[in-house]
Each structure stands twice: as C-alpha cells, then as structure tokens.
Amino acid sequence: MSPDFGTLAVLFPLLLLLFGLGFTVTIDPYIRREHRRIMLIIVVLCLSLIAQNLWENALFIRHKDLTWKNFLAAYGYSVRPVILVLFLYIILPEGRKWPQWLLVGINAALYFSSPYTKLCFEIRDFDFAMLRGPLWPACFVVSGILLLKLLIYTLLRFRETRKKEQLIPVFIGLGIIASVVIDFHINMESLPVSFLTIAIVVSSVFYYIWLHLQFVREHERDLMAAQRVQIMMTQIQPHFLFNALNTIRALYAKNPPLADTTLENFSTYLRQNLESLSQSDLIPVSKELEHTRLYAEIEMLRFPGIRIE
C-alpha cells in the first residue's frame, strides 16, 4: 500500500511540535517540578488525541467496528476539556478545582453514555453516519467555559505584562474557536486529523512558550529583589545594625519616648536604603545629608556626652 502523503504532511509537524515541547519542558529550569509533570501529561493527551483522530477516521472509512467507533468518539469529546483544566493548574496553582473537574466529569458521562442514551451522538450501524443528539454541543460549551476562565486568570496573573504580549493568549483562544467553526463546515472523513486537534497542539506549544517568558521574568524580578536586599545589607554595617537594636532595647528601660523616636529614625533609615536601591536617578545631596544625620543620631546614642548640631 502506498503511503498517504497527505496524512504524513499533517502528522509530521504535529509530532515534531509535541516531541519538541516534551523535550523542552524536561530541561526548562524556570518551570516548577509539578508544572513540568502537568505539561508532560498535556503532551501525552495531545498525542492521544492525534491517535484517536486517526483511528476514528480509519474506522469511518472502512465502516467497521462500531463499538470502538463509539468509544473513540466519546474519548475525543471527553479529553479536550481535561487539557484546559490542566493548564489552569499552571496558571492558578491555588484554589479549588473541583467545579472544573465536575464539569469535565459530567461532560465525559454524557458522551460515554451516548451509545445507549443517544443524548450527544448516535452512530448508525448500516452506514456509520454520526447523528448529533440534543446535548451534542456539551463538549464545546464546557470547553468554552474553561477556555474563558483560563484566559481571564492568565490576563489577571500577568497583568503587568506589556499590552501587546497580552494579546497572544487572546489570539490563541480565537484560533481554537476558529478551528471549531472550520470543523463544522467540512467533511471530517476527508481529514485524518481535525482542525480542532491541530489547533489544540499548536496552541499548547505557543501557550507554553508564552508562559515560559512570563516565568523567566518572574524569576528575574525575584532575583533582583534578592540582590537589592543583599546590597542593602552590605550597605548597613552589621555592627551598626546590632548596636542600634541593642540601644533601642536599652532605651525602652530608661527613656521610652526617646526609644520610640530612635526606633522611628531607624525604620526611616532602613526605608531610605531600600528606596535608594530602586531609584535609577541621582540621589539629591539633601537626602544624602538626611540619611547621614539619621545614622549619626542613632550611633551617637551610644555616647550620651556627644551632641549633634
């Protein structure tokens, strides 16, 4: 039998994308371990969707094995919302996920029971035609709700991202919606892999790339914050820090009002150190003098006979 080059032309880039995504996820240093596991599960589910599309299409063409055809159709409709819920775990690690899993469970129950209830679809034995039941759009409704929630939480979590970059998740969502519309208007028997499956694979890859960029920025911000604290601690001599705290403690036993004033000056001194680390412009001389005065007032409390004019 000669190879179907049309099918190979579709499969090769999809498989290349998924295997590349899986390898990249395993070596990505900016992704958490639990998120890495979730992304690998998503890769496996996308591969299973491709296999489901190919197998289901082959059974349709050959008009054989109705039982497997029903199972494959139900699996395809059930697994798509699962991928969206898994992405929610990456965007929103905290919070309850049971409402989302409840929707996914109801959706799966409707489609896997359809060979008996005919609520979502019916495959006729004599011509293998699929008839749509009254609840056939359940998968698309559930997926639409989850996709909208994923998009909202994505934009809320990364709201500090540049506006142009925030359009990328929106375009990914629109691409998935467009693929559903295309699938409605074509003959699925002529296409071994549906446009929706292709869109899910491509969207998963691009969404992960976008998330990777955001995680890198978060890591850089955390690193810069840690460096600022480290620089501040090097600017504050350790013996001055310990002496100031000991002086304040001693003053509370002898002169509480002076201790309160000294504590306020000390907190102002620390705050000015933090502000100077995040300030890119030159610091005015007046602020430097004020900073030095606070330091001297706190230090000179150890020598009561010395007055600062």
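The values are calculated or read from the model by the stated rules, or taken from the named source; none is laboratory data. The shown structure was predicted, so the numbers you read here are calculated from the model rather than taken from an experiment. Don't worry about glycine lacking a Cβ; one is built from the backbone with ideal geometry, like all the others, and counts go over all protein chains shown.
Observations on the model:
- Among the residues of region 151-179, just one is touching a Leu at 6+ places or on another chain (Cβ under 6 Å) and over 29 Å from R96 (Cα atoms), namely S179.
- Test result for Y89, in contact with a Lys or Arg (Cβ under 9 Å, 6 or more places away or on another chain), of a type in the set (F, W, Y) and within 30 Å of K149 (Cβ to Cβ): yes
- Restricting attention to region 1-45 and to residues that are exposed (fewer than 15 other Cβ atoms within 10 Å of the Cβ) and among the small types (G, A, S), the residue that is nearest to E218 (Cα to Cα) turns out to be G20.
- Within region 115-150, considering residues that are more than 17 Å from L102 (Cβ to Cβ) and of a type in the set (G, A, S), the one surrounded by the most Cβ atoms within 10 Å (Cβ to Cβ): G133
- Subset of region 158-169 that is among the charged types (D, E, K, R) and in a helix (DSSP H, G or I) - its residue that is nearest to Y75 (Cα to Cα): E165
- Restricted to region 180-223, and to residues there that are over 24 Å from E165 (Cβ atoms) and either among the small types (G, A, S) or not assigned by TED's automatic domain parsing to the domain that holds L16 (or both), the residue that is farthest from the chain's Cα centre (by Cα) is S190.
- Index of the failed condition, I31 passing every other in (1) farther than 30 Å from R159 by Cβ; (2) in contact (Cβ under 8 Å) with a residue 24 or more places away in the chain; (3) not in a helix (DSSP H, G or I): (1)
- L18 over 17 Å from Y207 (Cβ atoms) and aliphatic (A, V, I, L, M): no
- Annotation note: Cβ proximity below 8 Å between a residue of region 137-166 that is in the same structural domain as V79 (by TED's automatic domain parsing) and free of Cβ contacts under 8 Å to residues at least 12 places away in the same chain and a residue that is surrounded by 15 or more Cβ atoms within 10 Å (Cβ to Cβ) and in a loop (DSSP other than H, G, I, E, B) (sequence gap 6+ or interchain) occurs for Q166/F158.
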